[in-house]
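Participant: Here's a structure for you.
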Amino acid sequence: MNHLLSIEELNGPIIEALLADALRLKAARGHHETPLTGQTWAMLFTKSSTRTRVSFEVGIHELGGNPMFLSKNDIQLGRGEPIQDTARVLGRMVHGAVIRTFDQADVVDFARLSGIPTVNALTDEEHPCQILADLMTVKELSGGWQGKKIAFIGDGFSNMTVSWMWAAKHLGFALHVACPPAYSPSRGFLDNLDAANVVITHDAATAARDAAVINTDVWLSMGQEDQKEKEQAFGPFQVNAALLKHAATGHIVLHCLPAYREKEITAEVLEKHAATIFQQAENRLHVQKAILVAIANNT
Ligand code: CP
Ligand code: NVA
């Protein structure tokens, strides 16, 4: 693997291999290989982050490398220097880059122009590292997704749902997305996805019925904070105790965090499922180390 730019560009065997290695690295934490020894990795962030920043900084360090955090406000990117120029500078100095930004095209351009391994740490279009951590958590706690229904309740066309829909396409599990009609995946996206196992509904209970996994995310993603009219459409798409009554016995609840209590999830549900949700957050570290190892070994 040279880059991780999206879930779209992966396939089932690559995802399975990354998850197997993430489980291995999790078990071997503190006594595994250090393939990034002597390398410096830039972490270029133009959006806020707690989990992604910390897990990549720790992960790069644990693999022997040196993480260099570059907030857009600290470098000339924040004063208008194009990402294309930043890419050609960093590509001559560091060994790899982890990028969180708005436009997916910027990450793709960076990978092409820098010539160094590039990892998408969230764009408006995809959040591949998060979905791999989510799948790892499903594997650990539900024994995998074979024959199970997974529900995503919330924004139907966010970076999270897009990445989950591609994961469902590659892995074949039944993914039911419940979202307001105005925040559904576009017809063009669904035609391109071409996955009969991805079902879109506008009724949260229908999606949740008999689901083994109930997944949600913020209603307003980063950069959408002012879209109050968007938020108003999501009232019926809250993950709460009443909704979970429809889910399968033994279901798990996932939230990529940060969570807004009493918006997309109630405090009661979040606290009841906190062990799962914080395990999911921890798994960011392990799965991202597996991504970096795959890049370092070009496997
Ligand atoms: N889930 C996630 O990506 O969290 P951060 O925004 O804190 O990195
Ligand atoms: N959809 C959210 C995910 C945060 C991790 C956002 O983009 O803000």
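The values are calculated or read from the model by the stated rules, or taken from the named source; none is laboratory data. Everything numeric here is computed off the predicted structure, so don't read it as measured data. A quick note on method: Cβ atoms are made from the backbone with ideal geometry, for glycine too, and the neighbour counts reach across all protein chains shown.
Participant: Out of everything in the range 53-74 that is part of a strand (DSSP E or B) and within 16 Å of ligand 1 (Cβ to nearest atom), what residue ends up being nearest to Val293 (Cα to Cα)?
Facilitator: Pro67
Participant: Only one of these is within 16 Å of ligand 1 (Cβ to nearest atom) and of a type in the set (Val, Ile, Thr): Thr201, Thr249, Thr206, Thr216. Name it.
Facilitator: One residue alone meets the criteria, Thr216.
Participant: Evaluate the following for Ala281: is it at negative phi, within 12 Å of ligand 1 (Cβ to nearest atom) and over 12 Å from the mean Cα position of the chain (by Cα)?
Facilitator: Judged against the criteria, Ala281 is not a match.
Participant: Conditions first: (1) under 29 Å from Leu23 (Cα atoms); (2) assigned to a loop (DSSP other than H, G, I, E, B); (3) among the hydrophobic types (A, V, I, L, M, F, W, C). Leu220 passes all but one, so which condition is the exception?
Facilitator: Single failed check for Leu220: (1).
Participant: To continue, here is another question. Does the range 93-101 include one or more residues that are away from ligand 2 (no atom under 14 Å from the Cβ), buried (at least 24 other Cβ atoms within 10 Å of the Cβ) and more than 23 Å from Val54 (Cβ to Cβ)?
Facilitator: Scanning the range 93-101, I find no residue that is away from ligand 2 (no atom under 14 Å from the Cβ), buried (at least 24 other Cβ atoms within 10 Å of the Cβ) and more than 23 Å from Val54 (Cβ to Cβ), so the answer is no.
Participant: Another question, if that's okay. Among what's in the range 178-191 and is farther than 12 Å from Phe237 by Cα and touching a Ser or Thr at 6+ places or on another chain (Cβ under 9 Å), pick the residue that is surrounded by the most Cβ atoms within 10 Å (Cβ to Cβ).
Facilitator: Step one: of the range 178-191, the residues farther than 12 Å from Phe237 by Cα are 182, 184-191.
Within this subset, residues satisfying the condition of being touching a Ser or Thr at 6+ places or on another chain (Cβ under 9 Å) are 185, 190.
Details: Pro185: 20, Leu190: 15.
Step by step, filter the range 178-191, then rank; the result is Pro185.
Participant: With the structure loaded, tell me whether Ala259 is assigned to a loop (DSSP other than H, G, I, E, B), within 19 Å of Thr123 (Cα to Cα) and in contact with a strand residue (DSSP E or B) (Cβ under 6 Å, 6 or more places away or on another chain) or whether it fails that test.
Facilitator: Spelling it out, Ala259 is indeed assigned to a loop (DSSP other than H, G, I, E, B), within 19 Å of Thr123 (Cα to Cα) and in contact with a strand residue (DSSP E or B) (Cβ under 6 Å, 6 or more places away or on another chain).
Participant: Checking Arg112 against (1) of a type outside the set (A, V, I, L, M); (2) within 15 Å of ligand 2 (Cβ to nearest atom); (3) not in a strand (DSSP E or B), only one condition comes out false. Which one?
Facilitator: Looking at each condition in turn, Arg112 falls short on (2).
Participant: Can you tell me which of Gly235, Gly250, Gly223 is within 16 Å of ligand 2 (Cβ to nearest atom) and either more than 18 Å from Val162 (Cβ to Cβ) or among the small types (Gly, Ala, Ser) (or both)?
Facilitator: Details: Gly235 fails: within 16 Å of ligand 2 (Cβ to nearest atom); Gly250 fails: within 16 Å of ligand 2 (Cβ to nearest atom).
Result: Gly223 is the single residue among Gly235, Gly250, Gly223 that is within 16 Å of ligand 2 (Cβ to nearest atom) and either more than 18 Å from Val162 (Cβ to Cβ) or among the small types (Gly, Ala, Ser) (or both).
Participant: Here's a follow-up. Within the group Lys26, Lys47, which residue is over 20 Å from Arg92 (Cβ atoms), modelled with pLDDT of 95 or more and in contact with a His (Cβ under 8 Å, 6 or more places away or on another chain)?
Facilitator: Working: Lys47 fails: in contact with a His (Cβ under 8 Å, 6 or more places away or on another chain).
Going through Lys26, Lys47 in turn, the sole match is Lys26.
Participant: List the pairs whose first member sits in the range 273-288 and is over 18 Å from Ser49 (Cα atoms) and touching a residue at least 40 places away in the same chain (Cβ under 8 Å), whose second member is away from ligand 2 (no atom under 14 Å from the Cβ) and in a helix (DSSP H, G or I), and whose Cβ atoms are under 8 Å apart, counting only residues at least 6 apart or on separate chains?
Facilitator: Listed by first residue and then by second, the contacts come to Thr276/Thr137; Thr276/Leu141.
Participant: Looking at (1) buried (at least 24 other Cβ atoms within 10 Å of the Cβ); (2) farther than 23 Å from Ala290 by Cα, can you tell me which one Lys149 breaks?
Facilitator: The number of the failed condition is (1).
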